[in-house]
Amino acid sequence: MLLPPIRLRYDTISLQGTLFEDVRDFSSSHIDADVSAFFVANPTQAAANVRELYRHRTRSRVNSELNSHTRILLDLLRFPMDTTPSDTDCNRVLRVIEDYNVLSLLVEVLSEDDFLEEDSDFVITVLNIIYHVFLIAHRVSSSKDPRFIVLSSAFCRGMERCRLWFEADRVAIAGTSLYQANRQIRRALLPNILVLLAEDFFLATPSLLKLTLLYWITSPCVDSLKDTDPIVSLVLLQYVLAEDKTQCSTICELREAFRSSISQHILPTYGADRFLDQTAKMLRNEGCISDDAMGYLLPIVVTSITSHPALLTSSTLSDVLEAMLELTAQPPVRAAHRLERRAVFEFLNICLHILRVRQDDRAISPPVATITRHGRLFQVLSRGLCIFATEPLVVTESGARQEGYATCMEYLATFGAWALALNTKRTGNRPRKAMRHVLRRNWYPTLQVLRRTRDHSQYVNEHDRLTNSWGGLGDVLGIREDDIEAETSQETELCAWRGCLNHYAPTGQDVKTCKGCGEVSYCDRTCQRLDWSNGHRRECRRLGWLD
């Protein structure tokens, strides 16, 4: 494979650390020392008092005494959260849970349909208590205790009944303390609790998948780094798609798991368009531009889309493809070879599937138009071939490297056939003109890269076949190497910046080739800098890696 397989397990502690600061500071309000002393001295009576205060509360209003008591209960459950809980902490917290009847209190609170509409301080404290309880249950053998399973079921069902809270537009409360509380609940407490439940087979009840999907698909800020950590969102999306099927020996098994989940849970409840819209937002999250996030996100996105025909025929798929293209063009991605490699090859993978399916299903014409518009497919293809050719040691296993050549040949066979079919259109056809323009610009530089890298390849025969196939594509399209060499020789005497006198006719001034792409030349750094701002920044393809 050109890319590493999807990793289906995540470390809960590292995820907890990602949002640790928010979780730690939620209930830092003053604790009444006298009430705290009473709690310690009289656990049974204190537990009864909390229950009575809750039952006689004023709904959806601030209940100061109830809030004070629940904060003390949370304080008794606290332990250092930046490391795995020690045995001492686990035993102490389990005693608190038992002595204060914490589980039965939480089940009663969660049974209310409007729990999330209660006073925000109370809601945050209760969710923090739930998080502490599940974290301890996750770390000790007593997680098999049926009482913890009952709490997990009550939590999932209770949150599901609050669907209106999840669906509500937060813009109406922007700038208020309620907005901040809402953001804290969405950003830290809920995802952390969901991850803990998803990671523990004994706590993962049937309702968990529905709640996880509800949380993920209604999150209004998955495209915003400051509001949503992309890794956490990926964990939850992956659980929705694969559930507890963490071991899939083949890509076919993984696709089948994804297809089943999409058919049973996503499409009947939310539909393909909404799922794909949220996926596009995730792809546009700046936090996804990292080795870990892209390594998880892109394979998950591509596998989910290619596993179900309803996603391939959705009009919103075009926005996902646009988001993937935008990702390949991001400067941080282009500056890091591994990130660029992941973004480019996963885009080519989904394009490969789309064009193959289109032969039998014309309903996916809109996605085809998206990937081929302005000749962008062939621009990414040439870029992918250069990336593959110039990084021969990226895959340490020789078999995987050889498989990479086979994959590149698949790209060429499928995309080349599409180019030949498009080339038969009339001369004025826009897609044909765009395709030929892009290939004429990229074909020869890519051919040069393939030739230069031949001696570095461990598989010379495969490399030669790849080079010959790329060269043959240009030949059948009527792109002649001699003509391009002559054009390139003449163009290199001119400055690429349109504002320079040397751009229109040679003035005798020496020009230097751009070290980034090797395709254009400039009189000096001033012209290069001005042309960079004028558009070359989007076109420079960094073909000079070997130099």
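We did not get these values from a lab; they are worked out from the coordinates using the rules stated. Computed from a predicted model, the values in this text were never measured in an experiment. Positions of Cβ are generated from backbone atoms using ideal geometry, with glycine treated the same way; all protein chains shown enter the neighbour counts.
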Fewest-first ordering of Thr70, Thr513, Thr372 by Cβ atoms within 10 Å yields Thr513, Thr372, Thr70
Using a basic spin-label model with each label point 7 Å from the Cα along Cα→Cβ, how many nm lie between Arg430 and Ser64?
6.7
Residue-ordered couplings for region 96-101, obtained by feeding phi - 60° into the Karplus form 6.51 cos²θ - 1.76 cosθ + 1.60 and rounding to whole Hz (Gly and Pro as x), are 4, 4, 6, 5, 9, 6
Roughly how many Å is it from the Cα centre of region 289-308 to that of region 42-79, as a whole number?
44
Residue pairs, from the table Lys210/Lys281; Lys425/Lys515; Lys433/Lys515, whose Cα atoms sit over 32 Å apart:
Lys425/Lys515
Could you work out the relative contact order of region 228-335, using alpha carbon pairs under 8 angstrom and six or more residues apart, expressed as a whole percent?
33
Enumerate the calculated ³J(HN,Hα) couplings along region 206-219 in order (Karplus 6.51 cos²θ - 1.76 cosθ + 1.60, θ = phi - 60°), each rounded to whole Hz, writing x wherever the residue is Gly or Pro.
x, 6, 5, 4, 5, 5, 4, 5, 4, 5, 5, 7, 9, 5
Share of pairwise Cα separations in region 228-335, more than 25 Å, in percent
18
Just to check I understand the Karplus step: with θ = phi - 60° and J = 6.51 cos²θ - 1.76 cosθ + 1.60, what whole-Hz values come out for region 112-125, glycine and proline as x?
6, 5, 10, 3, 6, 8, 5, 3, 4, 5, 5, 4, 5, 5
FRET E, pair Tyr459, Ile251, Förster distance 25 Å, beta-carbon r, rounded to 0.05
0.60
With r as the distance between the Cβ atoms of Ser365 and Thr176 and R0 = 41 Å, compute the FRET efficiency 1/(1 + (r/R0)^6) and round to 0.05.
0.30
Can you work out the FRET efficiency for the pair Ala329 and Arg147, with r the C-beta to C-beta distance and R0 = 51 Å, to the nearest 0.05?
0.45
Test of understanding: what is the full-extension gain from Leu267 to Asn468, defined as 0.36 nm times their sequence separation minus their Cα-Cα distance?
67.9 nm
Would you mind checking which residues have amide H under 5 Å from Glu391's amide H? H placed 1.01 Å from N; only 5 or more apart, or other chain.
none
